[in-house]
1. Name the residue that is farthest from residue 185 (Cα to Cα), counting only residues in segment 260-296 that are within 12 Å of ligand 2 (Cβ to nearest atom) and among the hydrophobic types (A, V, I, L, M, F, W, C).
2. Among the listed residues 52, 44, identify the single one that is charged (D, E, K, R), more than 18 Å from residue 168 (Cα to Cα) and in a helix (DSSP H, G or I).
3. Restrict the check to segment 416-433 and report whether at least one residue is of a type in the set (Val, Ile, Thr), out of contact with any Leu (no Cβ under 6 Å at 6 or more places or on another chain) and farther than 21 Å from residue 386 by Cβ.
4. Let me confirm something: among 409, 437, which residue is away from ligand 2 (no atom under 16 Å from the Cβ), at pLDDT 95 or above, crowded, with 23+ Cβ neighbours inside 10 Å and not in a strand (DSSP E or B)?
5. For the condition assigned to a helix (DSSP H, G or I) and among the hydrophobic types (A, V, I, L, M, F, W, C), what is the one hit in 117, 147, 100, 127?
6. Residues in segment 114-137: is at least one of a type in the set (D, E, K, R), in contact (Cβ under 8 Å) with a residue 60 or more places away in the chain and either crowded, with 24+ Cβ neighbours inside 10 Å or over 20 Å from residue 39 (Cβ atoms) (or both)?
7. Do you know which of the residues in segment 18-68 that are within 17 Å of residue 79 (Cα to Cα) and of a type in the set (Phe, Trp, Tyr) is surrounded by the most Cβ atoms within 10 Å (Cβ to Cβ)?
Amino acid sequence: MLELNLMKFEVKLVPIEKLEAEALAVFSWQEAREWPQEVLRLDKALGGILKKTIAEEEFKAAFGKILTLHTHGKIKPSRILVVGLGKKEEFDQAVLRRNFAILGKKAKDLKIKTLGFGLSFAKETEFNLEQISQGASEGLILGTYKFLRYKGEKERQEEREIEAVEITAGKAQDLVSIKEGITRGEIYSGATTLARDLVNEPASVSTPTHLAKVAKEMAGQEIKCQIYDRKQMEKMGLGGILGVARGSDEPPKLIRLEHKPKNARKKVVLVGKAVTFDTGGLSLKPWDAMETMKLDMAGGATILGIFSVLPKLKSNVWVVGFIPATENMPSGHALKPGDVLRIRNGKTVEVLHTDAEGRLILADALCLGVEEKPELLLDLATLTGACMVALGEEVAGAFGTDETMVKKVEKAALGIGEKIWPLPLVKEYKELLKSPVADLKNVSKSKYGGAITAALFLQEFVGETPWVHLDISGPAFAEKETPLVPQGGSGFGVRTILEFLISNLSL
Ligand code: BES
Ligand code: ZN
Ligand code: ZN
């Protein structure tokens, strides 16, 4: 099912003009007065035409702009692409990835199969070579990602991939740093690509059973996987998951994954919402709101993406993942507004709106997470449209009972170019979730603060365990393409959590 990333990266200790790729890219800051080393070297090798063309074309190196020129046989590569990095003061990890994504797409459009460049611009940023090369590889791989499974043979053939990327390193020490950064970027991108593929598959393919199969395929020496079916979930008292699953013919699954390194020090539990299709249930969504609802398993896909690479990363964190997976369908068996469910920890919930189903399945999974006694419980969920209203399509909302942890997750996101923003757990709003018949109701009657009341609902099930909740409704899926994400699943959160788990800022 998975499209393999064929892009091969090679780091070489040769000057840029000696690279043998079909095309070379050089980078320039907007309105820069000094030229980067690579431009000067290439200009010399080309007898002065590079700087001249840049001047003649009045190329200002604004973000997203690329100037192309031919080398007319003066060096082996036949083209040069001058990439505008934009303003130095606006440069960050997100801009870095976008730049390389734009470069990758341009190279693909020009049918370039081998691309070379140097990264001397790294010196002029606040980032080290490892960070820059990681961002470069993520940008190139993720920016040229396409989900082609259902396209015809012709279109798939025409989608010629960049096959090889050559990077020059000035000295041996740089070569090591660049290689390390690239390897990490390749691992992070591979994990993100798996999450994207799972989201992009139609809901009739990416069913709970399919997700369970993908999880089982990961099991081996390093990863343990258990799948619980409906019967077992009944015994476990998972009333939330079973309630939501009642209306569906697809059997629900609860997936538990575990990676415990030998030198494990801290334990983290990750929970990911996997509603493989959210119709709203009897509180049916209008057709246009349902169009993209295959995205509603993105949280679960994120966990699968993360686990697919955990053994490759030298992390000393013990990670357990829970993925409650079900459809949310209307039928003669479906949950009815007014029904009362009993969650794993014994709390009862009056379900007044069957479209607020994510919190019901997460409630059970969070209880299971608490029972693991982790240092941190972290969930990712496409939980509320309200969070998208608040933060738009590129930013996830972050809630948590442990502010330091929220800050660390935010820092990890910043480090790999994803955007999350803190939102408050306003305790006064807990009133809005009081039910006359059960311990809680699943929706507030208020039109406002929907992302907050959803998070407050989840908080009822985490006890004293330090907890972070990411509402990824906006960034999980791109309705329109952005440089790094084509239309469809983004794999948002995979890289942030990986960064959080392996960087020394974690825990
Ligand atoms: N899966 C949706 C949230 C969602 C909407 C994610 C759009 C991504 C894009 C969730 O299950 C839902 O339907 N939430 C309701 C909650 C409401 C009924 C309280 C919503 O946001 O409208
Ligand atoms: Zn819903
Ligand atoms: Zn949902």
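1. 282
2. Being charged (D, E, K, R), more than 18 Å from residue 168 (Cα to Cα) and in a helix (DSSP H, G or I) holds for just one of 52, 44, which is 52.
3. Looking for residues that are of a type in the set (Val, Ile, Thr), out of contact with any Leu (no Cβ under 6 Å at 6 or more places or on another chain) and farther than 21 Å from residue 386 by Cβ, one finds at least one in segment 416-433, hence yes.
4. It is 409.
5. Step by step, each of 117, 147, 100, 127 is checked, and only 100 is assigned to a helix (DSSP H, G or I) and among the hydrophobic types (A, V, I, L, M, F, W, C).
6. no
7. For segment 18-68, the residue satisfying everything is 27.
Residue-by-condition table, conditions (1) within 11 Å of ligand 1 (Cβ to nearest atom); (2) basic (Lys, Arg); (3) farther than 16 Å from residue 378 by Cα; (4) at pLDDT 95 or above:
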position: 277; (1), (2), (3), (4): yes, no, yes, yes
position: 287; (1), (2), (3), (4): no, no, yes, yes
position: 292; (1), (2), (3), (4): yes, no, yes, yes
position: 296; (1), (2), (3), (4): yes, no, yes, yes
position: 299; (1), (2), (3), (4): yes, no, no, yes
position: 302; (1), (2), (3), (4): no, no, no, yes
position: 307; (1), (2), (3), (4): no, no, no, yes
position: 313; (1), (2), (3), (4): no, no, yes, no
position: 319; (1), (2), (3), (4): no, no, no, yes
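The values are calculated or read from the model by the stated rules, or taken from the named source; none is laboratory data. Just so we're clear, the structure is a prediction, and the values are computed from it rather than from any experiment. Heads up, the Cβs are rebuilt from the backbone with ideal geometry, glycines too, and the neighbour counts pull from every protein chain shown.
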